[in-house]
1. In whole Hz, with x marking every Gly and Pro, tabulate ³J(HN,Hα) for segment 132-142 from phi via Karplus 6.51 cos²θ - 1.76 cosθ + 1.60, θ = phi - 60°.
2. Less than 22 Å apart at the alpha-carbon level, and either on another chain or at least 8 residues along: which lysines does that give for Lys165?
3. Ignoring ligands, DNA and RNA, what percent of the 1.4 Å accessible area of segment 69-136 is carbon and sulfur?
4. Grab every C-alpha pair in segment 67-167, bin the distances at 10 angstrom width from 0 up to the longest one, and report whole percents.
5. Taking the full set of protein chains and a 1.4 angstrom probe, give the accessible area of Ser71 in square angstrom, rounded to the nearest 10.
6. Between Ala82 and Ala140, what is the spin-label point distance in nm, taking each point 7 Å from the Cα along the Cα→C-beta axis?
7. List the pair-distance distribution P(r) of segment 86-127, using every Cα-Cα distance, as the percent of pairs falling in each 5 Å bin from 0 up to the bin containing the longest distance, rounded to whole percents.
8. Using the heavy atoms of the protein chains and a 1.4 angstrom probe, tell me the accessible area per residue for segment 38-171 in square angstrom.
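The values are calculated or read from the model by the stated rules, or taken from the named source; none is laboratory data. From a predicted model like this one, the values you see are computed outputs, not experimental measurements. Glycine gets a Cβ as well: all are built from the backbone with ideal geometry, and neighbour counts include every protein chain shown. Surface areas here come from the heavy atoms of the whole protein model, side chains and all, with no ligands, DNA or RNA. Shrake-Rupley method; radii C 1.70, N 1.55, O 1.52, S 1.80 Å.
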Amino acid sequence: MNLRKTSPAFSALAGLLLLSACGQGGEAERASEDSADAGATTLPNGMTVKEQIEARQGQLEKIGESFKTISDQLKSDSPDVAAIQAAAASVPENATGMADWFAEGTGPDSGVETDALPIIWEEKDDFLAKVTAMQEAAVALVAATEGGDVAAIGAAFRETGGTCKACHDKYRLDD
Ligand code: HEC
């Protein structure tokens, strides 16, 4: 059942590329048929795989928007500290429970579109440590924004951004 362990995404991708290079176009058709009911499996938390993947992408999207707001304000000549504070405060909220968003079976083998790489489930402890690092940095960022000092906010923002990047570099498909 656990295809992930025997066939990492990269070799699957390489295989597909090789197949299409050889003119065996049927592979793509089969793949799209397979994903018609992709992610219909129910997880222990009651969500389907597809719901779980889409929910986490939605939360990460919100976190990304908050980060964009903060970044834009920090670049401005007169940063709107209240806007920064509000955006920062939403990050730990939106990241609550992140350790549970990557249940076994919610990787690319599910057939649902996801940028989560299979290595997440091979190195789950390290992945979860990176989740915690981000959550802690985000709390520190909130504290920095409350102080209102733009330089201190900038430093905490870069610190938090580093924790996003540390995870993305290793565990998110680079597209
Ligand atoms: C522990 C790992 C980890 C950390 C920390 C992390 N991310 Fe991600 N992020 C991911 C993974 C994995 C995906 C791909 C999820 C998917 O497609 O199922 C992702 C996807 C995203 C997306 C795209 C969501 C979408 O599909 O539209 C955004 C935006 C994003 N992350 C922003 C951030 C920001 C900002 C931070 C830091 C505050 C952060 N992430 C921290 C692992 C992480």
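1. Once rounded to whole Hz, the list reads 4, 4, 5, 4, 5, 5, 5, 5, 5, 5, 4.
2. Lys62, Lys68, Lys75, Lys124, Lys130
3. Details: 1570 of 3260 Å².
Carbon-and-sulfur percentage of accessible area, whole number: 48.
4. P(r) over segment 67-167, rounded to whole percents: 15, 41, 26, 15, 3.
5. 30 Å²
6. 2.9 nm
7. Each 5 Å bin holds this share of Cα pairs: 5, 20, 24, 18, 16, 11, 5, 0.
8. Working: 6690 Å² over 134 residues.
Each residue of segment 38-171 exposes 50 Å² on average to a 1.4 Å probe.
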